[in-house]
Ligand SMILES: [Zn+2]
C-alpha cells in the first residue's frame, strides 16, 4: 500500500522584498509566522503498518527549522529573494537529501496565502 504522510512545523522570520514595485508594502521589513507541511510518499511496510516513523521525520526537519526560525531570511544563502515560492523550494532542497521520499512542501506565509512546491 502506497500512502502519503505529512508533518507540520512553523517558524517566525523577517524578510523584505526590495525588488517589488515602489510603494508596495512588502518592500518594508516585516515578519511572518510561516506554517509548513512536509509531505512524503512511500510504501507501507505491512509488518509494522507504516512507512516512516514520525519521530524520524521530526528529527530530519529540526535542523532546517533551526536555520529559519527567528532569522532575517534575505541573509540566508539562496534566499536573497525571499518570496514564499523561493522559500518553499529552498526548504524542499534542504530536506530532500535526508528525506528521499519527500514529494511536496506546502508553505503558508499567512493563514490565507500559501504555495505548493512539488517538482
Ligand atoms: Zn512577507
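The values are calculated or read from the model by the stated rules, or taken from the named source; none is laboratory data. Note that the structure is predicted; figures quoted are calculated from it, not measured. All Cβ positions, even for glycine, are placed from backbone atoms using ideal geometry, and neighbour counts span all protein chains on display.
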Item to check | Among the candidates 21, 111, residue that is loosely packed, with under 11 Cβ neighbours inside 10 Å, more than 16 Å from the chain's Cα centre (by Cα) and either closer than 28 Å to residue 4 by Cα or without any contact (Cβ under 8 Å) to a residue 24 or more places away in the chain (or both) | outcome: 21
Next on the checklist: Checking residue 98 against (1) touching a helix residue (DSSP H, G or I) at 6+ places or on another chain (Cβ under 6 Å); (2) closer than 20 Å to residue 29 by Cβ; (3) surrounded by fewer than 16 Cβ atoms within 10 Å (Cβ to Cβ): exactly one of these is not met. Which one?
Outcome noted: (2)
Checklist entry - Within segment 94-108, is there a residue that is over 14 Å from the mean Cα position of the chain (by Cα), within 16 Å of the ligand (Cβ to nearest atom) and either part of a loop (DSSP other than H, G, I, E, B) or touching a residue at least 60 places away in the same chain (Cβ under 8 Å) (or both)? => result no
Item to check | Odd one out for residue 80 among (1) within 16 Å of the ligand (Cβ to nearest atom); (2) part of a helix (DSSP H, G or I); (3) over 13 Å from residue 34 (Cβ atoms); (4) in contact with a helix residue (DSSP H, G or I) (Cβ under 8 Å, 6 or more places away or on another chain) | outcome: (2)
Checklist entry - So how many residues does segment 17-34 have that are under 18 Å from residue 74 (Cα atoms) and either at pLDDT 95 or above or away from the ligand (no atom under 15 Å from the Cβ) (or both)? => result 6
